[in-house]
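Here the structure is laid out as structure tokens; the discussion comes afterwards.
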């Protein structure tokens with residue numbers, strides 16, 4: 001019979017989270033992970049690893065819970081009818097964190113007598129939440145679960161449910177903990193996780209010495225390799241050395257294309273299957289021979305020329321576009337990398353090898369292969385940058401020719417060189433009602449970047465310019481649905497919406513929790529193709545700030 005002290009109990013998981021949260025030292029965090037993971041039985045190990053990673057389901061699992069702040073508060077009220085609006089608002093103001101708020105509101109309430117919750121019970125609840133339809137059904141399920149929890153357990157449960165572990169455990173730290181807990185080489189654990197996108201399953205295999213040489217699994221997308229920002233051409237050459245490779249930075253949607261015979265599937269950068277949204281792309285590849293997985297971009301395309309993102313945006317959100325929509329807003333896939341060919345994974349191969357393979361796999365006719373140029377100097381790269389802009393693109397992607405495909409990493413071997421006016425991808429965390437003609441819409445948006453060291457979102461600015469009236473109305477509907485706390489003029493919202501924001505200058509500021517402020521920020525566009533986890537980080541901001549101050553990043557040699 002399970003007890004609160006059992007390793008697979010929710011209470012034991014909560015204690016592990018508290019221990020991780022109490023230290024910033026990497027080695028101490030690793031030791032907490034090792035001690036906790038080693039004690040877990042086989043059936044609980046994959047679940048614990050998944051929840052420690054800040055997810056209710058493994059990375060490669062397409063299911064979602066669709067639970068927001070309103071559903072959470074409704075569940076707490078159902079389980080504790082005495083809670084008032086004032087009590088809830090005051091708790092949120094004190095914490096600005098859903099799990100800590102829930103814990104305070106639940107203090108002294110439970111649990112009801114019975115068998116303590118196990119991680120298997122948490123998993124069953126998540127399964128039921130994913131299958132339930134509508135906020136009423138979900139809040140009822142949550143309320144039933146809450147009645148079996150105490151304050152500590154409800155905090156841990158909400159963290160796992162909302163993907164907000166925020167205990168300073170990044171994926172690399174968790175991989176390191178799994179490796180040391182199972183006695184397996186860290187390289188083997190990381191390679192297996194990169195290919196399987198399920199570190200919990202990898203941990204169980206590692207424990208039983210079942211890790212095999214990593215094999216690419218078709219139709220299981222890997223996390224895309226990300227890029228850091230370069231200040232200018234000279235900065236890119238200083239960091240990567242020369243010669244380096246440059247590709248157009250397209251204004252489209254990052255996408256993986258997996259093809260096995262006539263079966264072609266498309267996956268967005270957050271691993272969602274978007275095949276049905278782009279039947280024209282599927283049709284272009286379906287009759288071609290070969291078995292491969294490509295990284296690339298879906299673009300609006302007409303007469304062989306890429307169209308602005310606004311044209312492609314008409315296709316987003318349409319699960320089954322009509323023939324009229326396809327004709328009015330044509331799309332195409334442009335490939336710039338090859339992740340696997342036949343039975344061979346290419347993730348660890350250098351870029352020059354992946355490019356050679358990409359050129360040989362047998363792509364459909366048309367502009368489906370991204371051109372690549374070599375630059376041996378900052379002057380040559382600047383010429384390529386101007387040419388890319390003349391073609392209507394955002395700028396350049398600059399890459400080290402020998403770089404491996406660092407799945408899920410914002411590595412230093414890929415850089416993005418954009419227009420002189422820099423942009424950041426930020427997460428909306430709050431909104432205010434506008435004034436005058438905008439008094440009926442939430443138009444003033446507060447946004448944040450992610451501090452990878454702590455896992456927290458830290459604010460960096462607010463903006464209200466850049467969106468059309470129609471976009472603001474649609475945004476207001478989303479923000480109302482995502483509201484965690486309504487303070488009257490201001491709403492704290494669940495961090496789900498990602499914006500691309502431009503700005504004139506970056507400066508130190510004590511006004512925002514990031515320690516920085518964007519001067520004259522304006523919204524470039526909403527990024528429905530990006531998740532909060534893939535938004536810009538505080539490290540990106542610090543790097544840009546150092547460059548602006550003339551202290552650019554240290555030079556690095558190409559791989």
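We did not get these values from a lab; they are worked out from the coordinates using the rules stated. The shown structure was predicted, so the numbers you read here are calculated from the model rather than taken from an experiment. Reconstructed Cβ throughout: ideal geometry from the backbone, glycine too, with neighbour counts over all protein chains shown.
Inter-label distance, residue 208 to residue 286: 4.0 nm, where each label sits 7 Å from its Cα along the C-beta direction. Compared with the dominant principal axis of the Cα atoms in the chain, helix 538-548 is inclined by about 40°. Converting the Cα gyration tensor eigenvalues of region 187-236 into ellipsoid dimensions via √(5λ) gives semi-axes, longest first, of 32, 12, 9 Å.
Ranked by the mean number of other Cβ atoms within 10 Å of their residues, highest first, the peptides 342-348, 255-261 fall in the order 255-261, 342-348. Structural descriptor for region 245-313: relative contact order 37 percent, calculated from alpha carbon pairs under 8 angstrom and at least 6 residues apart.
Think of it as helices only: each DSSP H run of n ≥ 4 in the chain is worth -39500 (n - 2.57), and spread over all residues that comes to -11000 deg cm²/dmol at 222 nm. Can you tell me the orientation of helix 26-39 relative to the chain, as the angle in degrees between its alpha-carbon axis and the longest Cα principal axis, to the nearest 10? Its long axis makes an angle of about 60 degrees. Based on the convex hull around the alpha carbon atoms, region 251-369 presents an average projected area of 7.1 nm².
Take every Cα pair under 8 Å whose residues are at least 6 apart in sequence, average their separation, divide by the length of region 1-99, and the relative contact order is 15 percent. With both labels modelled 7 Å from their Cα along Cα-to-Cβ, the residue 508 to residue 469 distance reads 4.4 nm. Here the peptides 39-47, 285-293, 363-371 are ranked by packing, the mean other Cβ count within 10 Å, and the order with the highest first is 39-47, 285-293, 363-371. Put a dot 7 Å past the Cα of residue 133, heading toward its Cβ, do the same for residue 87, and the two dots end up 3.4 nm apart.
Mind running the shape call on region 462-524? Use the C-alpha gyration tensor, a ≥ b ≥ c as the square roots of the eigenvalues: rounded below 1.5 for a/c, prolate if a/b tops b/c, oblate otherwise.
Oblate.
Note on region 37-98 and region 200-273: Cα centroid distance 29 Å, given to the nearest whole angstrom. Using a 7 Å offset from Cα along Cα-Cβ at residue 374, what residues in region 341-355 end up with backbone N under 18 Å from the label point? Counting backbone N atoms under 18 Å from the label point, the list is 350-355.
Between residue 232 and residue 3, what is 0.36 nm times their sequence separation minus the Cα-Cα distance? Round to one decimal in nm. Display every interim value, and only then the final one.
Details: separation 229, 0.36 × 229 = 82.44 nm, distance 5.88 nm.
Extra length available between residue 232 and residue 3 comes to 76.6 nm.
The stretch between residue 402 and residue 386, if pulled fully straight at 0.36 nm per residue, gains 3.3 nm over its current Cα-Cα span.
From the Kirkwood radius over Cα pairs of region 10-162, Stokes-Einstein at 25 °C and 0.890 mPa s returns a whole-number translational diffusion coefficient of 153 µm²/s.
For region 423-548, the convex hull drawn through the C-alpha positions has a volume of 105 cubic angstrom per residue. Quick one, what does Rg over Rh come out to for the chain if you take C-alpha atoms and the Kirkwood Rh? Here the Rg-to-Rh quotient is 0.96.
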